Structure formats: C-alpha cells, structure tokens
Amino acid sequence: MKLAIFDLDETLIAGDSATLWLEFLAKRGLVSDALLAEERRLMEDYYAGTLDMNAYMALTLAPLEGQRPEEVAPLVTEFIRQHIAPIVYPQARERLDWHRTQGHRCLVISATGEHLVRPIAQYLGVADAIGVQTDIVNGHYSGRPTGIFSFQHGKVVRLGHWLQEQGLEHGFCYGYSDSHNDLALLEYVDKAAVINGDETLNALAAERGWQRLNWAL
C-alpha cells in the first residue's frame with residue numbers, strides 16, 4: 001500500500017482552520033475578543049517554532065467545554081460550508097484525485113483538534129484523518145486535549161499508532177506540508193513536497209531534494 005499524507009492548514013487550504021473556527025464562533029458571540037487576541041499571539045509562536053502546544057490547545061478547545069459532540073457537529077458543518085470550502089486549493093483537490101486514481105490511500109494529519117480535522121477531511125473526500133484528540137467526559141467535551149499531540153515529531157508518533165491500528169505496515173509514503181513544524185514528517189516519508197514554503201523551508205527542500213510546489217486560489 002502507498003500512502004499520501006497531507007497536512008491540513010496552509011497545505012490543503014489557504015488558511016488556518018482553528019483560527020477561522022474561533023473567528024466564526026466570535027461572530028456568534030461564543031468566544032471573546034480576548035481569546036482571539038491570545039490565539040493570534042500564540043500563532044506567532046507557532047510560525048516561529050516556539051509554540052507551547054499545551055497552552056494553545058487549552059485555549060482553542062475551551063469553547064467546546066460542556067458541549068456534546070452532536071451539538072457541535074452542525075456548527076462545524078456550517079463552518080466548513082462558509083469558510084473552508086472557498087479556500088481549498090484547486091491544486092490540492094487535483095493532487096488528492098491523482099493519488100486516488102493511483103490507488104493510494106490518503107490521510108490528513110494536523111495539529112488542529114480532531115473535531116475540525118475529521119469533518120474537513122471528510123468534506124475533501126478523505127476518510128482517514130488524525131488530529132489532536134479532544135477529551136470527552138460523560139458525553140461532553142471537557143475543553144481539554146488528550147493523548148499525544150499530532151504536532152512536530154508527535155505527528156510521526158501518531159502516524160505509527162494509526163498504522164498499527166489499521167493493521168498496516170510502513171509502505172511507500174508521500175508527504176505534503178507547508179510548515180517547518182512538519183520537518184519530522186517530511187523526513188519520515190519517502191517522497192516529500194513543500195507547499196508554498198518560506199525561504200528557509202524552500203532552501204531546506206532544495207538541499208534534501210524535496211519537491212517544491214506553489215498552490216494558489
């Protein structure tokens with residue numbers, strides 16, 4: 001089996017789904033301006049490679065606290081229709097379609113919460129997805145993450161667990177990402193591609209012989 005592994009934010013879509021989700025909730029009065037400001041500050045740390053992932057997930061999952069997954073799901077569906085569908089890169093759809101025609105299995109793996117990653121992947125026609133696990137207590141979101149974060153090297157760890165759960169062995173893997181935070185994943189796969197990389201990441205891609213792609217809406 002050949003596997004095509006895609007990061008989500010700024011790779012398949014032209015934006016960050018967690019940020020857009022919080023802005024979507026803010027327009028409905030469900031999160032505060034202060035939370036949005038703190039999320040933007042933490043995202044600066046993400047781009048710098050210094051993000052405290054525990055702090056970020058605690059902040060971004062807080063709006064889910066006390067909600068049942070079935071209550072949140074319709075909001076997520078509306079969010080995807082309004083804010084994700086318009087920013088899916090056409091080249092991302094083409095690449096997903098190419099892998100499917102080749103008989104490759106596709107997987108979306110992201111450091112965003114699974115309450116967003118899974119339905120967005122399904123919208124893109126990808127059945128398999130890994131996101132940061134959201135803790136559920138007595139049928140309600142606790143507002144806390146759980147398990148190993150699918151972030152930086154944690155993506156490789158979670159991928160290994162997923163392969164075991166699926167009863168699969170490591171085969172030939174393609175990997176796609178925009179971020180230096182995904183270096184461990186890009187080094188893990190057999191054929192890596194950098195999407196809209198910055199100067200530093202593109203230079204590293206050139207050294208490693210990785211494909212460099214520029215995708216646009």
* **Positions within the stretch 77-112 being under 30 Å from K27 (Cβ atoms) and either β-branched (V, I, T) or touching a Ser or Thr at 6+ places or on another chain (Cβ under 6 Å) (or both), in sequence order** => T77, I80, I84, I87, V88, V108, I109, A111, T112
* Identify the single condition in (1) touching a Phe, Trp or Tyr at 6+ places or on another chain (Cβ under 8 Å); (2) under 26 Å from H180 (Cβ atoms) that Q133 does not satisfy, given that it satisfies every other one. => (1)
* Structure fact -> Those residues of the stretch 169-217 that are open to solvent by 70 Å² or more (accessible area, probe 1.4 Å) and touching an Asp or Glu at 6+ places or on another chain (Cβ under 9 Å) come to a total of 3
* To do: Quick one: in the stretch 136-168, of everything that is touching a residue at least 12 places away in the same chain (Cβ under 8 Å) and assigned to a strand (DSSP E or B), which residue is most open to solvent (accessible area, probe 1.4 Å)?
  => R144
* Looking at this structure, is A92 among the aliphatic types (A, V, I, L, M), out of contact with any helix residue (DSSP H, G or I) (no Cβ under 9 Å at 6 or more places or on another chain) and not in a loop (DSSP other than H, G, I, E, B)? -> yes
* Go through V132, V108, V126 for me and flag whichever is touching a Leu at 6+ places or on another chain (Cβ under 6 Å), surrounded by 14 or more Cβ atoms within 10 Å (Cβ to Cβ) and not polar (S, T, N, Q). => V108
* Asked: Which of (1) open to solvent by 40 Å² or more (accessible area, probe 1.4 Å); (2) aromatic (F, W, Y); (3) over 20 Å from V189 (Cα atoms) does Y89 not meet, given it meets every other one?
  -> (1)
* Residue check, L20 against (1) under 18 Å from I130 (Cα atoms); (2) open to solvent by less than 70 Å² (accessible area, probe 1.4 Å), all met but one. Which one? -> (1)
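Out of all the residues in the stretch 1-14, which are surrounded by 14 or more Cβ atoms within 10 Å (Cβ to Cβ) and outside any strand (DSSP E or B)?
So the first thing to find is which residues in the stretch 1-14 are surrounded by 14 or more Cβ atoms within 10 Å (Cβ to Cβ), and the list is 2-14.
K2, D7, L8, E10, T11, L12, A14 - these are the residues of the stretch 1-14 that are surrounded by 14 or more Cβ atoms within 10 Å (Cβ to Cβ) and outside any strand (DSSP E or B).
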* In the set G29, G49, which member is over 21 Å from Q122 (Cβ atoms) and open to solvent by 50 Å² or more (accessible area, probe 1.4 Å)? -> G29
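Out of all the residues in the stretch 169-217, which are of a type in the set (S, T, N, Q) and within 19 Å of the chain's Cα centre (by Cα)?
Within the stretch 169-217, the first condition is being of a type in the set (S, T, N, Q), and the residues that meet it are 177, 179, 181, 196, 200, 202, 211, 214.
The answer is S177, S179, N181, N196, N214.
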* Structure fact -> All conditions in (1) touching a strand residue (DSSP E or B) at 6+ places or on another chain (Cβ under 9 Å); (2) more than 27 Å from N54 (Cα to Cα); (3) modelled with pLDDT of 95 or more are true of H170 except (3)
* Report, ordered by the first and then the second residue, all pairs with beta carbons closer than 7 Å, sequence separation of six or more or different chains, a first member in the stretch 93-109 that is in contact (Cβ under 8 Å) with a residue 60 or more places away in the chain and closer than 17 Å to G131 by Cα, and a second member that is open to solvent by 10 Å² or more (accessible area, probe 1.4 Å) and assigned to a strand (DSSP E or B). => C106/D128; L107/D128
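The values are calculated or read from the model by the stated rules, or taken from the named source; none is laboratory data. Everything numeric in this text was worked out from a predicted model, so none of it was measured. With ideal geometry, Cβ positions are generated from the backbone for all residues, glycine too; neighbour counts draw on all protein chains shown. SASA here: full protein model, heavy atoms, side chains in, ligands and nucleic acids out. Shrake-Rupley method; radii C 1.70, N 1.55, O 1.52, S 1.80 Å.
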